[in-house]
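First comes the structure, then the notes that go with it.
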Amino acid sequence: MKIPMGFYNIPIVVAFMLAILTACFQNRSLSFDRKLELMGQGIGDKNIITMLLIFLTAGTFVGVVGRSSAESVAYLMLSLIPARFSVAVLFVVACFVSTSVGTITLIVPIAAAVSETSGFSLALCVASVIGGAMFGDNLSFISDTTIAACNGQGCAMKDKFRENFGIALPAAIASLALILVVSFHQDPGAAIIKPYNLVQLIP
């Protein structure tokens, strides 16, 4: 229908209602009351409640300070480090402030600005952000998927962190090295100089 950001214009309550109605029409061997009882039990599961609380907290955080904090971190590092390292900076910033997809939506506009100003490939800049975000999310203690996985498997988060660290860190180091090699084969343009707020770095 060519509506800009059309998916996000749909109220989340409507999406929930459609999902619930779809569930109610499935498995006709159960009565409607029994289906409601099962849905209530599922919604009340510890893992589901924990994930919902994380979503609410993360949403509040991003809504209040998330975008400005991520931008301040990025622009501070870009102002201090030579333009030749701009793409590597994007990768490191994405690792540092990662909330997975949330980080990608926050940092990709900055990556586009870096590409336009410095002359680095847009694909390279965006890929650096995505790679950094995935690495950071794998090592995040406040990730909803991390907590759900640990609760589901009955293991401590530190154990999952240790395992992920051994898997993700070598990949991150190799990715950063590749980014630096590609960056050094291009002639960067001007550095990105935009205002940032040191107070916003605290969150």
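The values are calculated or read from the model by the stated rules, or taken from the named source; none is laboratory data. The shown structure was predicted, so the numbers you read here are calculated from the model rather than taken from an experiment. A quick note on method: Cβ atoms are made from the backbone with ideal geometry, for glycine too, and the neighbour counts reach across all protein chains shown. When the accessible area is computed, the model is the full protein with side chains, heavy atoms only, and any ligands, DNA or RNA have been set aside. Shrake-Rupley method; radii C 1.70, N 1.55, O 1.52, S 1.80 Å.
Some values worked out for this structure:
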{"quantity": "Scan of the stretch 2-56 for residues that are at positive phi and aliphatic (A, V, I, L, M), ordered by number", "calculated": "5"}
{"quantity": "Close pairs (9 angstrom Cβ cut-off, 6 or more residues apart or separate chains): free of Cβ contacts under 8 Å to residues at least 24 places away in the same chain in the stretch 22-51, outside any helix (DSSP H, G or I) anywhere", "calculated": "35/26; 35/27; 38/30"}
{"quantity": "The stretch 1-16 residues that are over 24 Å from residue 43 (Cα atoms), paired with ones that are open to solvent by 90 Å² or more (accessible area, probe 1.4 Å) and polar (S, T, N, Q) (beta carbon under 8 Å, 6 or more apart)", "calculated": "3/9"}
{"quantity": "Condition check for residue 149: modelled with pLDDT of 80 or more and open to solvent by less than 50 Å² (accessible area, probe 1.4 Å)", "calculated": "no"}
{"quantity": "Residue match in the stretch 4-15 (condition: assigned to a helix (DSSP H, G or I), open to solvent by 60 Å² or more (accessible area, probe 1.4 Å) and at pLDDT 85 or above)", "calculated": "yes"}
{"quantity": "Long-range neighbours under 6 Å by Cβ, at least six apart or interchain, first residue at positive phi within the stretch 93-120, second in a helix (DSSP H, G or I) and at pLDDT 75 or above", "calculated": "100/133; 100/137"}
{"quantity": "Count - residues of the stretch 11-58 that are closer than 30 Å to residue 140 by Cα and aliphatic (A, V, I, L, M)", "calculated": "14"}
{"quantity": "Residue in the stretch 20-38 that is at pLDDT below 85 and crowded, with 16+ Cβ neighbours inside 10 Å present", "calculated": "no"}
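Here is a yes/no grid of residues against (1) in a helix (DSSP H, G or I); (2) modelled with pLDDT under 75; (3) touching a Ser or Thr at 6+ places or on another chain (Cβ under 9 Å):
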residue: 91; (1), (2), (3): yes, no, yes
residue: 106; (1), (2), (3): yes, no, yes
residue: 113; (1), (2), (3): yes, no, no
residue: 124; (1), (2), (3): yes, no, yes
residue: 142; (1), (2), (3): no, yes, yes
residue: 155; (1), (2), (3): no, no, no
residue: 164; (1), (2), (3): yes, no, yes
